[in-house]
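The values are calculated or read from the model by the stated rules, or taken from the named source; none is laboratory data. Here the structure is a predicted model, which is why all the values come from computation and not from measurement. Cβ coordinates were reconstructed from backbone atoms using ideal geometry, including for glycine residues, and neighbour counts include every protein chain displayed. Protein only, heavy atoms only, side chains kept; ligands, DNA and RNA dropped before computing areas. Shrake-Rupley method; radii C 1.70, N 1.55, O 1.52, S 1.80 Å.
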Amino acid sequence: VYLVNGHGLLSSRQFYVTNGEGLMVCLGNSITNARAENQKPVFTTLDQTYAQNPSHDNVTLTGAHNLSAGTAVYNAAFAYYNLCSSSTPFRASVSTERGNFFRNNLNYNQTQQSRIFKVYLSHGKNPQNGSFAYAVAANQNGQAPLRASSLPIARVVNLAGVQAVQFQDGSGAVVLHEKGSSWTSASRTYSATHVPALFFFGPENATSET
């Protein structure tokens, strides 16, 4: 996905892949502020919803916390894992918020107050080639592991030219963004003459789509 908004914020590479078993890996790259006069902070929001038993390291989540690489935060039926290897702050918070839906519905002006869970990455006020990497896992029965190292993910590549995810069963996907770029899985090398190119591959016999 190549995104440009009206305020000079660029995000030219984003990639999402799932293993079909309740696990999704999300990668983003080249997050850049192209206008120096725009000094507003830039965030990647993973989720913002009602707080439902939020926790981190088996402790109830209150206030705001920075999540170190490989750790997770939980809310409702989902777990969110920090896969970032960079210094991009990965944060989660629970706060009490007040507001109403008047701007969306002129007939509904009743003030609401609720505890809100939010998990996000902060790229700062002037990001240059920022990135993100995280995973979301189903946690309906508390089955999601405490650490990303226990997820069935074998490899993650999040570079400007190549983004790829390979699961432990050998399946996965790769996106080639630049001409001349290539990537090698456990059994096959992927390259393309036309970019961007997207390949999906199975555990044994690879199939592709560009």
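Within region 37-62, the set of residues being farther than 27 Å from residue 143 by Cβ and either touching a Phe, Trp or Tyr at 6+ places or on another chain (Cβ under 6 Å) or open to solvent by less than 80 Å² (accessible area, probe 1.4 Å) (or both) comprises 38, 41, 42, 43. Within region 106-126, residues that are within 15 Å of residue 67 (Cβ to Cβ) reach partners that are of a type in the set (S, T, N, Q) and assigned to a loop (DSSP other than H, G, I, E, B) with beta carbons closer than 8 Å, at six or more positions or on different chains, in the pairs 117/52; 121/88; 122/88. Taking the criterion of being among the hydrophobic types (A, V, I, L, M, F, W, C) and closer than 15 Å to residue 42 by Cβ, the only residue of region 96-129 that qualifies is 121. Over 17 Å from the mean Cα position of the chain (by Cα) and open to solvent by 90 Å² or more (accessible area, probe 1.4 Å): does that describe residue 110? Yes: the conditions hold for residue 110.
Could you count how many residues in region 129-150 are out of contact with any Asp or Glu (no Cβ under 9 Å at 6 or more places or on another chain), assigned to a loop (DSSP other than H, G, I, E, B) and over 25 Å from residue 30 (Cβ atoms)? Adding up the residues that qualify gives 7.
Pairs are defined by a Cβ separation below 9 Å, a sequence spacing of at least 6 or placement on different chains, a first member in region 128-150 that is basic (Lys, Arg), and a second member that is open to solvent by less than 80 Å² (accessible area, probe 1.4 Å) and assigned to a strand (DSSP E or B); the pairs so defined are 147/71; 147/72; 147/81. Just one of (1) under 25 Å from residue 11 (Cα atoms); (2) open to solvent by less than 20 Å² (accessible area, probe 1.4 Å); (3) more than 16 Å from the chain's Cα centre (by Cα) fails for residue 137. It is (3). For region 67-85, indicate whether the set of residues that are open to solvent by 30 Å² or more (accessible area, probe 1.4 Å), touching a Pro at 6+ places or on another chain (Cβ under 9 Å) and either charged (D, E, K, R) or in a loop (DSSP other than H, G, I, E, B) (or both) is non-empty. Within region 67-85, one or more residues are open to solvent by 30 Å² or more (accessible area, probe 1.4 Å), touching a Pro at 6+ places or on another chain (Cβ under 9 Å) and either charged (D, E, K, R) or in a loop (DSSP other than H, G, I, E, B) (or both).
Among the residues of region 171-189, some residue qualifies, meaning at least one is on the phi > 0 side of the Ramachandran plot and buried (at least 16 other Cβ atoms within 10 Å of the Cβ).
Applying the criterion of being assigned to a loop (DSSP other than H, G, I, E, B) and within 26 Å of the chain's Cα centre (by Cα) to the residues of region 176-193, the residue that is nearest to residue 163 (Cα to Cα) is 177.
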